[in-house]
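Student: Next up is a structure, given as structure tokens.
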Amino acid sequence: MKILNLTPSYSLTAGMYPDLNEALVRAGHSVKVAFADPSVETDDIAEIVRKNGVEVLRIKTPQIQKVGLLKKGIAFLSLPFLMKRGIKKFYSDEKFDLIISLAPPITFAPVSKWAKRKFGCPVFLMQKDIFPQNAVDLGIMKKYSPLYFYFRSVEKSMLKSSDKIGCMSEGNIEYIRKHNPYIPPENAVYFPNTINVPPRETPPQSRGIRQKYNIPQNACAFLFGGNIGLPQYTELLKSAMSKFAGRSDIYFLVIGSGTRAKNLEKFISEKKISNAAFHSYMPRDDYEKIAKSCDVGLVILSPKFTIPNYPSKTLSYMATSLPILAATDTNTDYRELVQTQAKCGLWRDASDPEAFAEAIEKLASSPELRRELGENGRKFLEENFDVRLSVEIIEKLFGLPK
């Protein structure tokens with residue numbers, strides 16, 4: 001089948017979404033991706049590039065990331081118009097069998113709704129976060145405010161216009177059905193995060209990369225990587241860093257950027273946490289080597305969340321056989337994944353810093369436990385989160401020929 005993938009952002013190097021599109025191509029489907037790209041330098045409104053059999057339409061748009069709220073708001077509001085203009089110019093005469101769209105942001109929803117009418121084909125929504133409720137949980141937006149009602153109406157329109165809604169977990173499915181009773185229950189389906197599972201590697205030689213970044217060779221290194229914002233609840237990590245400050249057997253490595261990144265970097269510096277380091281950027285090759293040389297992957301989410309989150313970094317931790325220490329709200333079913341289904345790590349309530357510290361101590365003191373949990377995670381990834389599963393789900397849902 002011919003698929004048009006609409007997304008607000010896209011990586012031309014690696015990630016869940018390139019993995020999915022390339023797997024669809026390997027399965028015999030044709031995939032075109034249209035995404036908003038502020039880095040486009042052509043004088044035209046868009047340009048086409050091709051990568052691993054996937055045609056990618058880079059549509060020129062204003063910068064969305066790492067800008068002020070006003071500029072970000074204007075950019076998001078302009079996205080639907082700019083995306084439609086680029087798609088009309090390059091794909092107006094194309095025929096598509098399926099549109100795959102991504103949420104958030106929900107302000108992108110008018111594009112998929114418009115494309116559904118234009119191309120006369122179903123829309124499959126990949127629901128990766130639940131907005132505006134997540135903003136309400138974090139105190140960014142007040143419930144029942146005019147702004148909330150506006151975004152909630154956009155969310156409802158997006159869900160209604162989607163033929164199927166792919167949810168990351170059973171908890172996600174239950175939440176969508178409960179809070180959106182106007183949607184046929186069968187429209188919310190299981191569609192987990194998946195990746196192209198890399199081959200198993202021999203145990204990495206970590207000494208060189210650890211030495212390069214001044215990580216003690218014999219310390220248990222806890223990796224906190226990716227986005228660092230309000231959802232990641234850095235206060236809990238700060239508490240742990242303070243409790244274990246100066247310990248030679250425990251080391252905290254933070255790699256990432258976001259609204260709370262500078263605050264965390266400042267904390268480490270001002271408190272003189274000698275067994276912690278912050279890097280806003282690291283070359284991709286180095287990051288991959290560092291991740292493989294660490295001992296535990298951290299997943300931390302705000303205890304204020306009332307929505308079931310499923311952090312995507314879980315897959316990269318599993319891929320490198322890294323055991324997970326998760327601290328989240330009590331509403332998500334992510335704890336079932338970590339503790340019961342995959343048995344790939346430990347879970348603690350993010351509102352309980354003492355329990356979190358106890359789990360750090362437990363993992364730091366037991367290499368055998370870390371190896372067992374890491375191996376469980378790798379095995380679970382291979383059996384349950386391989387990108388081929390996503391292709392099978394899409395083919396089964398829409399019953400369309402290759």
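The values are calculated or read from the model by the stated rules, or taken from the named source; none is laboratory data. Values in this document were obtained by computation on a predicted structure and should not be read as measured data. Quick reminder, even Gly has a Cβ in these numbers, built from the backbone with ideal geometry, and neighbours come from all protein chains shown. Side chains included, ligands, DNA and RNA excluded: accessible areas come from the protein's heavy atoms. Shrake-Rupley method; radii C 1.70, N 1.55, O 1.52, S 1.80 Å.
Student: Please sort 19-29, 323-333, 36-46 by packing, taking for each peptide the average over its residues of neighbouring beta carbons within 10 angstrom, highest first.
Tutor: Top of the packing list down: 323-333, 19-29, 36-46.
Student: Okay, moving on. Could you tell me how many degrees, from 0 to 90 and to the nearest 10, lie between the Cα long axis of helix 387-398 and the main elongation axis, the longest principal axis, of the Cα atoms of the chain?
Tutor: 30
Student: Enter the angle in degrees (range 0 to 90, nearest 10) between the Cα long axis of helix 261-270 and the first principal axis of the Cα atoms of the chain, meaning the one along which they spread out most.
Tutor: Rounded to the nearest ten degrees, it is 10.
Student: When all protein chains stay in place, what accessible area (Å², nearest 10, 1.4 Å probe) is found for residue 60?
Tutor: Using a 1.4 Å probe on the heavy atoms, I get roughly 70 Å².
Student: OK, next. Roughly how tilted is helix 16-26, in degrees to the nearest 10 and between 0 and 90, from the longest Cα axis of the chain?
Tutor: Its long axis makes an angle of about 50 degrees.
Student: Shifting gears a bit: In debye to the nearest 20, how big a dipole does the stretch 246-402 give about its Cα centre with +1 on each Lys and Arg Cβ and -1 on each Asp and Glu Cβ? Write out the running numbers ahead of the final one.
Tutor: Details: 22 positive and 23 negative charges, 88 e Å.
It works out to roughly 420 debye.
Student: Can you find, among 172, 157, 241, the residue sitting farthest towards the positive end of the charge dipole of the chain, where Lys and Arg contribute +1 and Asp and Glu -1 at Cβ?
Tutor: 157
Student: With all pairs of different alpha carbon atoms counted, what Kirkwood hydrodynamic radius in Å does the stretch 1-43 show? Don't jump to the answer; show the numbers that get you there.
Tutor: Numbers: mean 1/r = 0.0886 Å⁻¹.
Here the Kirkwood hydrodynamic radius works out to 11.3 Å.
Student: With a 1.4 Å probe and all protein chains kept in place, how do 363, 12 rank by accessible area, largest first?
Tutor: Working: 363 0, 12 60 Å².
So, going from the largest accessible area down, we get 12, 363.
Student: Could you tell me, in Å, what Rg and Dmax come out for the Cα atoms of the stretch 162-311?
Tutor: Here Rg and the maximum Cα pair distance are 19.0, 57 Å.
Student: If you don't mind, there's one more thing I want to ask. Pairs 51/343; 95/156; 2/71; 128/396: which exceed 30 Å Cα-Cα?
Tutor: Numbers: 51/343 36 Å; 95/156 27 Å; 2/71 35 Å; 128/396 21 Å.
The pairs that break the limit, which is 30 Å between Cα atoms, are 51/343; 2/71.
Student: May I pose another question? What fraction, in whole percent, of alpha-carbon pairs in the stretch 92-169 exceed 21 Å separation? Show your work: numbers first, answer last.
Tutor: Values: 965 of 3003 pairs.
That fraction is 32 percent.
Student: Can you give the Kirkwood hydrodynamic radius of the stretch 273-330 from its Cα pairs, in Å with one decimal?
Tutor: Working: mean 1/r = 0.0762 Å⁻¹.
Result for the stretch 273-330, one decimal place: 13.1 Å.
Student: Round to the nearest 10 and report in Å² the accessible area of residue 262, as given by a 1.4 Å probe over the protein chains' heavy atoms.
Tutor: Solvent-accessible area, nearest 10 Å²: 150 Å².
Student: Using only C-alpha positions, report the orientation-averaged shadow area of the convex hull of the stretch 283-402, nm², one decimal.
Tutor: On the way: hull surface 37.4 nm².
Taking a quarter of the hull surface, the average projection is 9.3 nm².
Student: If you don't mind, another one. Please work out the average accessible area per residue across the stretch 82-218, using the 1.4 Å probe convention, and give it in Å². Mind dumping the intermediate values first?
Tutor: Details: 6810 Å² over 137 residues.
For the stretch 82-218, the solvent-accessible area averages 50 Å² per residue.
Student: Separate question: Please compute the alpha carbon radius of gyration of the stretch 181-269, then divide it by the globular-protein estimate 2.2 N^0.38 Å. Two decimals is fine. Write out the running numbers ahead of the final one.
Tutor: Numbers: Rg = 18.8 Å, N = 89, 2.2 N^0.38 = 12.1 Å.
For the stretch 181-269, the normalised Cα radius of gyration comes out at 1.55.
Student: Report Rg/Rh for the chain, rounded to two decimals, where Rg is the Cα radius of gyration and Rh the Kirkwood radius. Numbers along the way, then the final one.
Tutor: Working: Rg = 21.5 Å, Rh = 22.3 Å.
Reported Rg/Rh (Cα atoms, Kirkwood Rh): 0.96.
Student: Could you run the Karplus curve 6.51 cos²θ - 1.76 cosθ + 1.60 with θ = phi - 60° over the stretch 322-328 and give me ³J(HN,Hα) per residue in whole Hz, x for Gly and Pro?
Tutor: Working through the residues one at a time gives 8, x, 10, 10, 10, 10, 9 Hz.
Student: Quick check for me: using +1 on Lys/Arg Cβ and -1 on Asp/Glu Cβ, what's the dipole size of the chain about its Cα centre, in debye to the nearest 20?
Tutor: Numbers: 56 positive and 43 negative charges, 226 e Å.
Dipole of the chain, to the nearest 20 debye: 1080 debye.
Student: So how strong a dipole does the stretch 196-265 carry about its Cα centre when Lys and Arg Cβ are +1 and Asp and Glu Cβ are -1, to the nearest 20 debye?
Tutor: On the way: 9 positive and 4 negative charges, 22 e Å.
Charge dipole, the stretch 196-265, about its Cα centre: 100 debye, nearest 20.
Student: Of the beta bridges DSSP finds with both residues in the chain, what % are antiparallel, to the nearest 5? Please list the in-between numbers first.
Tutor: On the way: 6 of 58 bridges.
Percentage antiparallel, nearest 5: 10.
Student: Could you pull out every one of the aspartates and glutamates with an alpha carbon less than 16 Å from that of residue 60, ignoring same-chain neighbours closer than 8 positions?
Tutor: 37, 41, 43, 44, 47
Student: Here is a follow-up. Rg (Å, one decimal) plus Dmax (Å, integer) for the alpha carbons of the stretch 1-143?
Tutor: 15.3, 47
Student: Still on this structure: For n ≥ 4 DSSP H runs only, could you compute -39500 (n - 2.57) per run for the chain, divide by its residues and tell me the 222 nm figure to the nearest 500? Spell out each step's value before the answer.
Tutor: Working: 14 runs with 161 residues, N = 402.
Value at 222 nm, helices only, nearest 500: -12500 deg cm²/dmol.
Student: Taking only C-alpha pairs under 8 Å that are 6+ residues apart, what is the relative contact order of the chain in percent?
Tutor: On the way: 715 pairs, mean separation 54.5, N = 402.
Over the chain, the number comes to 14 percent.
Student: Among 206, 194, 323, which residue has its Cα furthest toward the positive end of the charge dipole of the stretch 192-346, with +1 on Lys/Arg Cβ and -1 on Asp/Glu Cβ?
Tutor: The one lying farthest along the dipole's positive direction is 206.
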